[in-house]
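The values are calculated or read from the model by the stated rules, or taken from the named source; none is laboratory data. Everything quoted here is computed from the prediction, not taken from an experiment. For neighbour counting, all protein chains shown are included, and Cβ atoms are generated from backbone atoms with ideal geometry for every residue, glycine included.
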Amino acid sequence: MRFAAARASVYSRGMAESSGTSLFPDDAKNAARTGILPFQAINAMLREHEIWSKAEILADQVQPASIDLRLGPVAYRIRASFLPGPESTVLDKIQALDAYPIDISSGAVLEKGCVYVVPLLESLNVKSGVTAFANPKSSTGRLDILTRLIGDHSTSFDRLEKGYQGPLYVEIAPRTFSVVVRQGTRLNQLRFRRGSPVIAASELQRLHDEGQLILSNATDQNFIERKMLRLSVDLHGGGKGGLIGYRAKKHTDRIDVEKVGNYDPLDFWEPLHYHRDPPLILDPDAFYILVTKEAVRIPPDFAAEMVAYDTSVGEFRVHYAGFFDPGFGWGDAVSRAVLEVRSHEVPFTLEDGQTVGWLQYERMAGRPDRLYGAGLKSNYQGQGLALAKQFKAFRG
């Protein structure tokens, strides 16, 4: 889940169709409810071809509050990032930049430090007046791969205005590791929002007081701020010798993102252990995986997103993988938020318990028929400090 002070950045972190014909279980009267559209509403959009693809859309792409997007067969190497603007399509800009096409249909390497644009297999034909917005998947952020959704005529990344009709593209910039991707690889995900579903501060406080949002040992910290939930970093690791995080090695082999549990973490990461109270000093342009002190909980009727940028704690950017699905950390599954951390330009001092991000909770437009971790392939339910799913479990 992008952390910055002196430009440090922390990136934290994460199916069958509905059997009914209405968008929500309690019938069509809820069809226009404000909120994040749930699993069954996304399936309804698929049936109505508001989300479509020439390739079959797979059932397991649909998550409790989002849909996974897949890479197409060609990546374009470009010399600079861009937005098309209101007068251009993405392909217009790709052609103007004389981009170099790369066949990734059977697998190809995207080199770190380079920028690519890939047409996605999915397209949109949204008629229902909802806004679409995107974020990298959890494993994408934990591999330090910057991904940003682009639409034709768009003036911002990761957001498509109401009624968008057209193809989708993703900008990919591997920053720490070179990666192997192929047609069908899923690096980012799309959510749909109707209206403005951010919940009121009074309701957020009530949910917090009832223990529905976080589990924490702290008794004197004010967790609610600006209608958001504040989170802090754990640099104690349970005491002397405890694991507190990982720092990425600079010269490693490439990572095939489709290979789960395949790589020895010590080939790519330097483990960091607690040994005394002084803070962790982040090296400029090094990439770290850390974790929050608090365990995060997302009730079934809500979704959450980590706020992406805040200057009040020293120019702060919080995580690539910003979406937390309904059901994350719910019930007995104690799940902490994993942070992807990068310090830019100068070393930065990070203290145990320092605020590193804010969670913004939003109401669902209906309770999802599927919850995170409940019968789905949810890789990070019940997580503590954890690397991306491509790595074997660290033992040491």
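Could you figure out which of (1) surrounded by fewer than 20 Cβ atoms within 10 Å (Cβ to Cβ); (2) within 23 Å of PRO136 (Cβ to Cβ) isn't true of ARG47?
Only one criterion in (1) surrounded by fewer than 20 Cβ atoms within 10 Å (Cβ to Cβ); (2) within 23 Å of PRO136 (Cβ to Cβ) is unmet by ARG47, namely (2).
Filter the range 216-241 down to the residues that are surrounded by fewer than 15 Cβ atoms within 10 Å (Cβ to Cβ) and either of a type in the set (A, V, I, L, M) or assigned to a loop (DSSP other than H, G, I, E, B) (or both) and list them by number.
ASN217, ALA218, THR219, ASP220, GLN221, ASN222, ARG226, HIS236, GLY238, GLY239, LYS240, GLY241
Return the residue satisfying two criteria in turn: it lies in the range 47-75 and is of a type in the set (D, E, K, R) and part of a strand (DSSP E or B), and of such residues it is farthest from the chain's Cα centre (by Cα).
Here the residue is ARG70.
For a quick check of your reading: which strands (runs of 3 or more DSSP E) sit entirely within the range 135-212 and have at least 2 residues that are touching a strand residue (DSSP E or B) at 6+ places or on another chain (Cβ under 8 Å) and closer than 19 Å to LEU91 by Cβ?
145-151, 165-174
Would you mind finding the one in ASP103, ASP98, ASP158 that is farther than 30 Å from ASP285 by Cβ and of a type in the set (D, E, K, R)?
ASP103
When you go through VAL179, VAL115, VAL170, VAL109 one by one, which is the residue that is among the aliphatic types (A, V, I, L, M) and closer than 25 Å to TRP52 by Cα?
Every option except VAL170 fails the conditions.
Testing GLY261 on (1) of a type in the set (Gly, Ala, Ser); (2) in contact with a Ser or Thr (Cβ under 6 Å, 6 or more places away or on another chain); (3) at pLDDT 95 or above, one condition comes back false. Which one is that?
(2)
Quick check on the range 119-144: of everything there that is more than 22 Å from ALA65 (Cα to Cα) and out of contact with any Gly (no Cβ under 9 Å at 6 or more places or on another chain), which residue is surrounded by the most Cβ atoms within 10 Å (Cβ to Cβ)?
This residue is LEU143.
Restricting to the range 76-118, name every residue that is part of a strand (DSSP E or B), aliphatic (A, V, I, L, M) and more than 22 Å from SER156 (Cβ to Cβ).
Passing the criteria: ILE102, ALA108, VAL109, LEU110.
Looking only at the range 326-337, decide whether some residue is small (Gly, Ala, Ser), crowded, with 20+ Cβ neighbours inside 10 Å, assigned to a strand (DSSP E or B) and modelled with pLDDT of 85 or more.
yes
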